[in-house]
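Take a look at the structure below.
The values are calculated or read from the model by the stated rules, or taken from the named source; none is laboratory data. All values derive from a computational prediction rather than experimental measurement. Because the Cβ atoms are built from the backbone with ideal geometry, glycine has one as well, and the counts that use them run over all protein chains shown. These accessible areas exclude ligands, DNA and RNA; they are computed on the full protein's heavy atoms, side chains included. Shrake-Rupley method; radii C 1.70, N 1.55, O 1.52, S 1.80 Å.
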Amino acid sequence: MLTVVLISVAVVVFFAGIAIRLMKTLQMPAHLRWELYPIPKGPRERQRYGGSYFEESDWWTKPEDSSHKSEMVFVVREVLLLRGVWENFRPLWLWSWLLHWGLYLYVIATMLGMVEVSLPAGSNSGALHGAVVHGYRTACFLGLVGAAGLVVMRSLHPRLRPFTTRIRIFDLVLLGSIFATGVLSLKMGTNGLVSMVRDLSGFSSYFGNPPVVWRVHLILVAFFLAYFPFTHMTHAYMKYFTWHDLRWDDSPSSRNPRAAKALAANLQRKSSWAAPHIASGNAATWSEVVSDPNGNGVGKRA
Amino acid sequence: MLRPSDIATQSGQLSKVPAQTLLPLPAPYDDFATLAPRKVLDPKVLERIDTSLDGFSALGISRPLTPEDERQLVDRFLSGLEKLLSKEDNWAFLKQLQLSLDHCARCQTCVEACPIYTGSGHDEVYRPTFRSEVFRRLVNEYGKPQGRLLARLKGEHIDLNAATLGRLLESAYRCTLCRRCAQACPMGVDNALLTREIRKLFSMEMGIAPKEIHEKGSMLQLRTGSSTGMNARAVHDNIEFLDEEIHDQTDITIKTPWDKEGADVLLIHNAGEILAWPENPMAFAIILEAAGISWTMSSELVGYDSVNYGLWYDDAQFARVAVKQAEAASKLKVKKIVLGECGHGHKASMVTADRILTGDLSTPRESALVLLRDIVMSGRLKLDPSKNNFPVTLHDPCNIVRMMGIVEPQREILRAICPQFREMTPHGVNNYCCGGGSGFAVMSGYNFEDWRFSVAGRMKLKQILDAFDDCPSPDIKKYVCAPCSNCKGQFRDLFRYYGVWEKSGILYGGLAELIVNAMSDISEPFIKWEFH
């Protein structure tokens, strides 16, 4: 029962944490452009070499390519294959790929497990059950090897070691422990994930008296869920912003009517920077700072 | 092994940057003994300024004399940090900053992409994640509630003292903001953006910035109209002189149009070209007149200088200059602004300022490379490629190529008019920075130039030499086409430092000059093959 409560609380913290982070990001002021090529947009030939609409004469008179298909293809390839790491840090790739796929399969197996327990009693779900059990087993195995490999890499590789702190090792050990206890619980003859899902769905009697290792596994999962939103691991979904919203956002204001409105609001914000050439002294708006004709700090107030 | 927390070490220098470990160059540049000796700083100067990062000084940061001075320095930094993380003071870049602070996996996937780190022979002090991680930890520890406790628990504590701040600021001027590392990051984290934000904090809160890009740069530009110090009268006189030069060299009579209301094109050069490389504005005038373009220059304050140094270090300076340039165009009611061969001027005006230049200030802005491509490919000029029958390679200015995606127009031109055109490796959006980016090309600091040439420009020099490895003899004259004033400044100084003109016969210059050199109607070669 305790584990069910813990998991339930953790799930609430997990989604609340994610929602808060998303809201905070969405509520940030309209920013200036800072794109970086290549950007997966526009004609394929131009994408091949990383070109942009700026290559066209009178570009502002041409229609904008607003398709996100190439962006999606890029993201899927990056998520599935970790191409960035493959191209730029090959020795890290295998372990990172194993850990990521361990996590992906764990999530997929959990979802399939939820489907399985929601089926009416007596349904023939043999194939689904097999997918859950094998998916879960594979997830735990891949994740454990990946996490262990990354701990070794972070501890020994000269490129990683100077930047490896307690918290980096802690994150990996936490993930590794989840996968390790998952593997152990399977060894002990449980059907692992399905029983967890059943427990969470109110079928707590299904498993009877679970072994300690399974309880430990659930407690670790609960801790991870509650911890995740406050770590850099949120890159899993925040990449939408770092890629789509920043790196790939080359949409000009002339095609974005909301830009002028957002700008007007931003220019009325107060600037309090204190350097002599700004010296806005908590009073000047950005509009006043920018219109300072000689950059001599006319926004300065007595 | 250098750890981020080592930045707070009270005494000593974090790196000596030994010449023997620098990236090897091909012969005859492979003998480290032939490198120009580094400038030895006067002991009195060394006592006064902080060179404890790597022995070099870009800013001449004064060491605090008393504990009270140090406390004030730290307090001012913390005050700036708070503003950097606020919606009011940093609305323009808060999202980029916050996301790059929060989502680094410390995977070091980006580090090999950095030409300074690799050019230095992997000196840890130049690792692109070093300053980012230091800054990230300072933000987490000193800019967030419970930060100090969490930093200790995580093992990420860094002392915040004068040594930390002095080295952090100098370190922010060991990155050219080329953003190759950002390209490599699987998370979308941008170390260059963090570098710029560090520079910004020091400039906008503490008034500390390199004098070459602040006092003698953006402040001078806002006061006189140009970072060169040329006022409208001076720029008129200089351009008039160039018009005469055009006549003397080519027999073509041109009177550069000024303040022509309703012109199709307002051409804004980097004004430094007019003084340092006058052949470039001359070439533009010849091409535009020959192609029958309706064009003008502006004598409005800042309207004749496309530079915008604020892009590298200060939002207020950046916005002030961008608005002035747009006002000049708006006043003349031109159809578009065309940015001359100036990389950061391109990005500042066409990209970063895009969302501040709305309404009356929204005159469309276009790259000169695109206009030149249209003119060349339209057949409006009679061109004879055999006049350019010498080895030519192309340098891709980071701001124009990686940050704007303008890759092909300049190549279309070169393929059409330069029979011996060859690419560098890598090129296009994957190019290496010239080593003079983000203001370095105009900065000399105390002994900063030694670093700029021996470390920052090393990878680019290797690339150039490799591109011409089939014709290394100085008797075969070769041309690096660099359509960016800042990059040309770096090449001028870099080539002089290594003796590249004498040893390899490699000259640098702009794109417009190559076009004019190929014009059939001009009998004398426009490119003079004289190093300057």
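Observations, loosely collected:
- Any hit, the stretch A:35-51, residues being of a type in the set (A, V, I, L, M, F, W, C) and out of contact with any Lys or Arg (no Cβ under 8 Å at 6 or more places or on another chain): no
- Consider the stretch A:114-128 and keep the residues that are touching a Ser or Thr at 6+ places or on another chain (Cβ under 9 Å) and open to solvent by less than 80 Å² (accessible area, probe 1.4 Å). The one that is farthest from A:Leu186 (Cα to Cα) is A:Leu119.
- Every test in (1) of a type outside the set (Gly, Ala, Ser); (2) closer than 30 Å to B:Thr195 by Cβ; (3) open to solvent by 20 Å² or more (accessible area, probe 1.4 Å) is passed by B:Asp475 save one, and that test is (2).
- Close Cβ contacts (under 6 Å, 6 or more residues apart or on different chains) running from residues in the stretch A:147-168 that are at the interface with another protein chain (Cβ under 7 Å from one of its Cβ atoms) to residues that are open to solvent by less than 50 Å² (accessible area, probe 1.4 Å) and polar (S, T, N, Q) comprise A:Arg159/B:Gln108; A:Leu160/B:Gln108.
- Every condition in (1) within 14 Å of another protein chain (Cβ to nearest Cβ); (2) touching a residue at least 40 places away in the same chain (Cβ under 8 Å); (3) among the β-branched types (Val, Ile, Thr); (4) out of contact with any Asp or Glu (no Cβ under 6 Å at 6 or more places or on another chain) is met by B:Val338 except one, and the failing one is (4).
- Taken as a whole, the structure places B:Val407 among residues that are facing another protein chain (nearest Cβ under 10 Å), in contact with a Gly (Cβ under 6 Å, 6 or more places away or on another chain) and farther than 26 Å from B:Met230 by Cα.
- Of the helices (runs of 4 or more DSSP H) entirely within the stretch B:277-351, none holds at least 3 residues that are at pLDDT below 95, among the β-branched types (Val, Ile, Thr) and farther than 23 Å from B:Gly229 by Cα.
- The condition of being touching a Phe, Trp or Tyr at 6+ places or on another chain (Cβ under 7 Å) and open to solvent by 30 Å² or more (accessible area, probe 1.4 Å) holds for only one of B:Asp237, B:Asp264, B:Asp259, B:Asp251, that being B:Asp264.
- Residue within the stretch A:69-89 that is outside any helix (DSSP H, G or I) and either under 30 Å from A:His129 (Cβ atoms) or more than 13 Å from chain B (Cβ to nearest Cβ) (or both) present: no
- Checking B:Asp354 against (1) touching a residue at least 24 places away in the same chain (Cβ under 8 Å); (2) outside any helix (DSSP H, G or I), the condition it does not meet: (1)
- Test: residue in the stretch B:223-234 that is among the β-branched types (Val, Ile, Thr) and open to solvent by 10 Å² or more (accessible area, probe 1.4 Å): yes
- Matching option when the condition is away from chain A (no Cβ under 14 Å) and either within 27 Å of B:Lys478 (Cα to Cα) or open to solvent by less than 40 Å² (accessible area, probe 1.4 Å) (or both), among B:Arg402, B:Arg373, B:Arg365, B:Arg422: B:Arg422
- Test: A:Phe54 is within 14 Å of B:Pro186 (Cβ to Cβ) and facing chain B (nearest Cβ under 8 Å): no
- Filtered residues of the stretch B:170-190 (kept if away from chain A (no Cβ under 12 Å) and either crowded, with 24+ Cβ neighbours inside 10 Å or part of a loop (DSSP other than H, G, I, E, B) (or both)): B:Glu170, B:Ala172, B:Tyr173, B:Arg174, B:Cys175, B:Thr176
- Complete set of residues in the stretch A:218-247 that are hydrophobic (A, V, I, L, M, F, W, C) and farther than 23 Å from A:Cys140 by Cβ: A:Phe230, A:Met238, A:Phe241, A:Trp243, A:Leu246
- Residues of the stretch B:130-150 that are without any contact (Cβ under 8 Å) to a residue 40 or more places away in the chain, assigned to a helix (DSSP H, G or I) and open to solvent by 10 Å² or more (accessible area, probe 1.4 Å): B:Asn140, B:Arg148, B:Leu149, B:Leu150.
- Residue count, the stretch B:96-128 (criterion: of a type in the set (Ser, Thr, Tyr) and under 20 Å from A:Val151 (Cα atoms)): 1
- Of all residues making up the stretch B:207-222, the number that are open to solvent by 10 Å² or more (accessible area, probe 1.4 Å), part of a helix (DSSP H, G or I) and within 11 Å of another protein chain (Cβ to nearest Cβ): 4
- The set of residues from the stretch A:241-259 being of a type in the set (S, T, N, Q) and in contact with a Leu (Cβ under 7 Å, 6 or more places away or on another chain) comprises just one member, A:Thr242.
- Sole residue being closer than 28 Å to B:Asp31 by Cβ and at pLDDT 95 or above, chosen from B:Cys434, B:Cys418: B:Cys434
- Matching residues in the stretch B:112-127 - criterion: being over 20 Å from the mean Cα position of the chain (by Cα) and buried (at least 22 other Cβ atoms within 10 Å of the Cβ): B:Asp123, B:Val125
- Pick from the stretch B:153-169, criterion within 21 Å of A:Thr165 (Cβ to Cβ), assigned to a helix (DSSP H, G or I) and hydrophobic (A, V, I, L, M, F, W, C), ranking: nearest to the other protein chains (Cβ to nearest Cβ): B:Leu153
- Within the stretch A:77-110, the set of residues being open to solvent by less than 70 Å² (accessible area, probe 1.4 Å) and β-branched (Val, Ile, Thr) comprises A:Val79, A:Val85, A:Thr110.
- Pairing each residue of the stretch B:288-299 that is free of Cβ contacts under 8 Å to residues at least 40 places away in the same chain with any residue that is open to solvent by 10 Å² or more (accessible area, probe 1.4 Å) and part of a strand (DSSP E or B), provided the two are 6+ apart or on different chains, yields C-beta distances under 9 Å for B:Thr296/B:Trp258.
- In the stretch B:405-467, counting only helices (runs of 4 or more DSSP H) that sit wholly within it, the ones holding 2 or more residues that are without any contact (Cβ under 8 Å) to a residue 24 or more places away in the chain span B:408-417.
- Any hit, the stretch B:64-86, residues being basic (Lys, Arg), assigned to a loop (DSSP other than H, G, I, E, B) and open to solvent by 10 Å² or more (accessible area, probe 1.4 Å): no
- The residues listed here are B:Lys39, B:Lys16, B:Lys44; of these, the one that is of a type in the set (D, E, K, R) and touching a helix residue (DSSP H, G or I) at 6+ places or on another chain (Cβ under 9 Å) is B:Lys39.
- At least 3 residues being modelled with pLDDT under 75 and in contact with a Phe, Trp or Tyr (Cβ under 7 Å, 6 or more places away or on another chain) is the threshold, and among the helices (runs of 4 or more DSSP H) wholly inside the stretch A:190-302 those reaching it are A:193-200.
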